[in-house]
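Shown next, in structure tokens, is the structure this report addresses.
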Amino acid sequence: MELLKASDLVKGYGNTNAVNGINFHIEEGRCVSLLGPNGAGKTTTLKMLSGLLEPTSGSIDFKGEKAKDLRPFIGYLPQYPAFYNWMSGKEFLVFAGQLAKLNRKEAEKRSEELLERMGLANAKKRKIRGYSGGMKQRLGLAQALIHRPELLILDEPVSALDPLGRREVLDMMREIKKETTILFSTHVLHDAEEISDSILIMHAGEIAISGSLRSVMEEYRQPILQIEFEAPAADWLKSIASYSFVSEVNIQGNKTSIVLKDMVNGKQTLLKDIVERKLPVRKFEISQTTLEDLFMRVVKS
């Protein structure tokens, strides 16, 4: 079922459009990652969907109806959540629950549930100023979930965290997506591949690519030869660009990735070349383009 649909969504600032007429939809029960470089329009898009910014034009439908106020149905966690540091974790959640129109009893009960779920039960009476970055992000997730939203919107939920905090939040998201639709922005492409069902890639205020992660990767996937030489082989690598089966050659020191149109012919010909030229090879392996490769292609276009 279609949960949310954005149609011709535009947000302009003066003569510049931060978001330029984008169209996409989110299916219920999916985890969707919104990808793009800094300045692509990701945060602006999320703020329009969450009701924090008024679109210049276009529309947002929720479950097939024009959305007037999505706040009762959406939980939102900004990239840099703000807290009242003099409050305890539980006090903050109860306060957030009452703001979301839960009565005191409901807010207390829901806060206890979420503190336990987020691994913060033992710290519920501690002042938020004493929380680590990962703890604050998990508290922010709890705040966004306090009113049981149908869509959870997260803006760069792990960008400011150390590896341990990042893993904690990703594990939480993996659990949450079993019961709530998630839309999150990130520039950590590995995270998107790890937990997303669908992706939206933005560039210069527009949607460049969208679809299920599997279908997008199948459509754009290309075979790659990863070669590492013991000594630079720049001259030979430049010469192979003229082969009809070579799509792209990327060189980084003694390492190179060669995107091929024809893996069988390409592998045989290039391996023969290497042997005949007696080029010293440390590694020669076959792989496929990744989400990062696709992302870089979009950004450079």
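Of the set (1) outside the structural domain of Ile182 (by TED's automatic domain parsing); (2) within 30 Å of Gly21 (Cβ to Cβ); (3) not polar (S, T, N, Q), all apply to Val246 but (2).
Just checking, how many residues over the stretch 11-47 are of a type in the set (Val, Ile, Thr) and either over 18 Å from Ile182 (Cα atoms) or over 18 Å from the mean Cα position of the chain (by Cα) (or both)?
Filtering the stretch 11-47 down to residues of a type in the set (Val, Ile, Thr) leaves 16, 19, 22, 26, 32, 43-45.
Pick out the ones that are also either over 18 Å from Ile182 (Cα atoms) or over 18 Å from the mean Cα position of the chain (by Cα) (or both) and you get 16, 19, 22.
Adding up the residues that qualify gives 3.
Of the residues in the stretch 224-239, how many are surrounded by fewer than 13 Cβ atoms within 10 Å (Cβ to Cβ) and touching a residue at least 40 places away in the same chain (Cβ under 8 Å)? Residues in the stretch 224-239 being surrounded by fewer than 13 Cβ atoms within 10 Å (Cβ to Cβ) and touching a residue at least 40 places away in the same chain (Cβ under 8 Å): 2 in total. For the stretch 215-232, the set of residues classified as at pLDDT below 90 and over 20 Å from Asp293 (Cα atoms) consists of Ala231, Pro232, listed by residue number. Counting residues in the stretch 65-74 that are over 30 Å from Ser7 (Cα atoms) and modelled with pLDDT under 95 gives zero.
Consider the stretch 132-147. How many of its residues are in a loop (DSSP other than H, G, I, E, B) and at pLDDT 95 or above? Break it down into steps so the answer makes sense when it comes.
Of all residues in the stretch 132-147, those in a loop (DSSP other than H, G, I, E, B) come to 132, 146-147.
Within this subset, residues satisfying the condition of being at pLDDT 95 or above are 146-147.
Residues flagged as in a loop (DSSP other than H, G, I, E, B) and at pLDDT 95 or above within the stretch 132-147 amount to 2.
Out of everything in the stretch 240-264 that is exposed (fewer than 13 other Cβ atoms within 10 Å of the Cβ) and hydroxyl-bearing (Ser, Thr, Tyr), what residue ends up being farthest from Gln288 (Cα to Cα)? In this case the residue turns out to be Ser242. The residue that is surrounded by the fewest Cβ atoms within 10 Å (Cβ to Cβ), counting only those in the stretch 181-223 that are assigned to a loop (DSSP other than H, G, I, E, B) and touching a helix residue (DSSP H, G or I) at 6+ places or on another chain (Cβ under 7 Å), is Asp197.
One residue is enough: does the stretch 57-78 have a residue meeting the conditions assigned to a loop (DSSP other than H, G, I, E, B) and farther than 21 Å from Thr181 by Cα? No; the residues of the stretch 57-78 include none that is assigned to a loop (DSSP other than H, G, I, E, B) and farther than 21 Å from Thr181 by Cα. Of the residues making up the stretch 35-56, those that are on the phi < 0 side of the Ramachandran plot and assigned to a loop (DSSP other than H, G, I, E, B) are Pro37, Asn38, Ala40, Ser50, Leu52, Leu53, Glu54, Pro55, Thr56.
Quick grid of which residues meet (1) touching a residue at least 60 places away in the same chain (Cβ under 8 Å); (2) under 19 Å from Ile201 (Cβ atoms); (3) touching a Ser or Thr at 6+ places or on another chain (Cβ under 7 Å):
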position	(1), (2), (3)
Leu3	yes, no, yes
Val32	yes, yes, yes
Lys42	yes, yes, yes
Thr45	yes, yes, no
Leu49	yes, yes, no
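Across the stretch 161-180, the qualifying residues are those that are without any contact (Cβ under 8 Å) to a residue 12 or more places away in the chain and more than 25 Å from Tyr131 (Cα to Cα), and the one among them that is surrounded by the fewest Cβ atoms within 10 Å (Cβ to Cβ) is Lys178.
Looking at Lys272, Lys267, can you tell me which residue is at pLDDT 90 or above, surrounded by fewer than 14 Cβ atoms within 10 Å (Cβ to Cβ), of a type in the set (Lys, Arg) and not assigned by TED's automatic domain parsing to the domain that holds Gly21? Give the derivation first.
Values: Lys267 fails: surrounded by fewer than 14 Cβ atoms within 10 Å (Cβ to Cβ).
From the options Lys272, Lys267, the qualifying one is Lys272.
The values are calculated or read from the model by the stated rules, or taken from the named source; none is laboratory data. Values in this document were obtained by computation on a predicted structure and should not be read as measured data. All Cβ positions, even for glycine, are placed from backbone atoms using ideal geometry, and neighbour counts span all protein chains on display.
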